[in-house]
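Taking it in order: structure first as structure tokens, then the write-up.
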Amino acid sequence: MRLVVLDEAAVAAAEERRVLDLVLSEHGWPPVLLLARSLQEPPVGPWARVVRRPFALGDLAAVVEEMVPLPA
């Protein structure tokens, strides 16, 4: 696993955060891209990047490619 793309709602509860930490630790702590609400501060977490709504899919794809470049 090279990147985790995660919606903010997926880590709203403490139990969900524990599951995320377990998954990340099992896979060597890959970077996490958080998709967050536009008007609120994102929750504290292991996010390498945060993309706020609204966003275009092309913009999201560009961020993913920056974080995990395609092979030459």
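The values are calculated or read from the model by the stated rules, or taken from the named source; none is laboratory data. Everything numeric here is computed off the predicted structure, so don't read it as measured data. Ideal geometry is used to build each Cβ from the backbone, glycine not excepted, and the neighbour counts take in all protein chains shown.
Listed by first and then second residue, the pairs with beta-carbon distance under 7 Å, at least 6 apart or on different chains, first residue in the stretch 45-72 and under 19 Å from residue 29 (Cβ atoms), second part of a loop (DSSP other than H, G, I, E, B) and modelled with pLDDT of 95 or more, are 48/31; 64/3; 67/3; 67/31; 68/3. Inside the stretch 29-41, residues that are of a type in the set (D, E, K, R) and either surrounded by 12 or more Cβ atoms within 10 Å (Cβ to Cβ) or touching a helix residue (DSSP H, G or I) at 6+ places or on another chain (Cβ under 6 Å) (or both) make up a count of 1. Scanning the stretch 3-28 for residues that are loosely packed, with under 13 Cβ neighbours inside 10 Å and either polar (S, T, N, Q) or in a loop (DSSP other than H, G, I, E, B) (or both) gives 12, 13, 25, 27, 28.
Filtering the stretch 29-70 to residues that are part of a helix (DSSP H, G or I) and touching a Phe, Trp or Tyr at 6+ places or on another chain (Cβ under 9 Å) leaves only 63. A single entry from 7, 21 fulfils the requirement of being within 10 Å of the chain's Cα centre (by Cα), under 21 Å from residue 67 (Cα atoms) and modelled with pLDDT of 90 or more: 7.
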